[in-house]
Amino acid sequence: MIDDAGPYLTGKADRFATEVSLVDNKRLAEDVLAELVGTKMTGLVERLPRCTSAAQLRDAVNQARQGLGLPSCIPAGVPTEQLLERLGIDVIGQVQSSVLGPVPDKINFTDAQLRSALSLAGAGANLDQVDTVREILRDGWTYTQDDLKQDLREQADDREQGDELVETMEDVRAFLADGWTFTEVDLREKLSGDEPVTEPLKGLFFAPETSTDILDISRNWLKFVRDNRLVAYLPLIVLLVIIAFLGGRGWSGRVVWGAAFLLVSAGLVFAAFGPGYNTFAKTGPIYDAAGVSDLDGLRAEALSEISETDYPETSGLVANKVFDIIESLGDGFSAGIARSSLSLAIIALVAIVGGIFWAVIVATVRGLLPRRGG
C-alpha cells in the first residue's frame with residue numbers, strides 16, 4: 001500500500017489503487033474455524049441425552065435428516081464422530097459457506113476510499129492539506145517578497161500597522177545592505193528635539209541656550225585645544241616641572257623625578273585603556289560583581305530578549321550590528337588613548353634611564369670627542 005500510495009501522495013500520480021489478496025488468509029482461517037466449530041459441535045452432541053426407546057431414536061433421526069437442527073437424543077454406544085458422519089453434518093462446508101463465503105478473495109483500496117476514510121475518522125479538514133502537500137511535492141514551492149509583505153500585513157491588527165511592519169522591514173534591509181549614515185545634521189536634529197535647530201556657533205564665549213549650543217561650544221573648545229596642543233599640555237608640563245624641582249636635587253635628579261611621575265601616570269592610563277579595557281570591558285568580572293553586565297553580557301541579554309519577539313532572526317541581525325558598531329567605537333577610542341599613553345611612558349622611561357646614567361653618558365661622550373691641542 002505504501003508503494004502504491006507513495007506516487008499519489010508525492011503528486012506524481014493523480015490516482016492510486018491497491019489490491020489486497022485474502023486467499024491465503026481465508027485458507028488459514030478455514031482450518032482454525034473448522035477445528036473450533038468441530039470442537040464446539042462435539043461438545044454439544046456429547047451433552048445430548050441418550051434415546052430410551054425406538055420411537056425416540058426414530059424421531060431424532062428424522063429430525064436430523066430434515067435439517068431441523070441437532071436431534072433431541074442420540075443412541076447409546078455410538079461414537080460422536082461416527083454419529084456426526086451418519087447425520088451428514090459437514091463442518092468444513094458450513095464454515096466455508098456461512099463464515100468465509102461472504103468474505104471476498106481480494107479487496108481494493110483507492111484514493112477515493114482514503115478520502116472517505118479520512119472523512120469518517122473526522123479528519124476531513126486534512127483533505128485540503130493532503131492536496132496542498134501533493135501540489136508542493138509535485139510543483140515545488142515559491143515564496144517571494146510579495147508573499148512576505150502580504151504575511152506581514154495579515155499578522156497586523158489593521159492596515160496602518162501592516163504598512164508600518166512592511167516599512168520597518170524595508171528599513172532593516174537597507175540598514176543591513178548599505179549600512180547606516182548619521183551626519184551632523186541628524187545629530188543636531190536629535191539633540192534639538194522640540195527646540196529650534198540653530199546655526200553652528202563660531203566663537204568660544206557664548207552663553208548656551210539650547211542643546212545644540214552646548215554641542216557647538218564644546219566642539220569649538222576641542223578644536224581650540226587641538227590647534228593649540230602646547231597650550232593644552234602646558235598645565236601638565238608645569239606640574240612636571242614643579243614635581244621635578246620639589247623632589248630632585250641637581251638636574252639629573254629633577255629629570256628622574258619628573259619622568260617618574262610621568263611614567264606612573266602614563267602607565268596607569270595605559271593599563272586602564274589597554275589591557276584593562278580588553279579584560280574588564282569584554283569579560284567583565286568587575287562589572288558583573290557590581291551588578292552591571294559587560295558589553296558581551298549586554299549583547300547576550302539583548303539577544304535573549306529578542307528571541308521572544310515576533311521576528312527574532314531579523315532583530316538579532318540588527319542588534320548584533322549595533323553592538324558591533326559600539327564595540328568598534330569603544331575599541332578605537334581606547335586604542336588611541338592607550339597608544340598616546342604608551343608613547344609618553346616610553347619617553348618617561350628613556351628620560352629616567354638618561355637621568356640615572358647621566359654622568360656615565362657625559363663621560364662616555366667626552367671620551368669619544370677629540371681632545372683639543374692634542
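At R0 = 41 Å, how high is the FRET efficiency between R173 and D3 if r is their beta carbon distance? Nearest 0.05 is fine.
According to the calculation, E is roughly 0.30.
Fully extended, how many nm does the chain gain between Q150 and V365 (0.36 nm per residue separation, minus their Cα-Cα distance)?
Answer, rounded to one decimal: 68.9 nm.
Coordinate-derived values only; no laboratory data. Predicted, not measured: the structure shown is a model, and the values here were computed from it. Cβ atoms come from the backbone with ideal geometry, glycine included; neighbour counts cover every protein chain shown.
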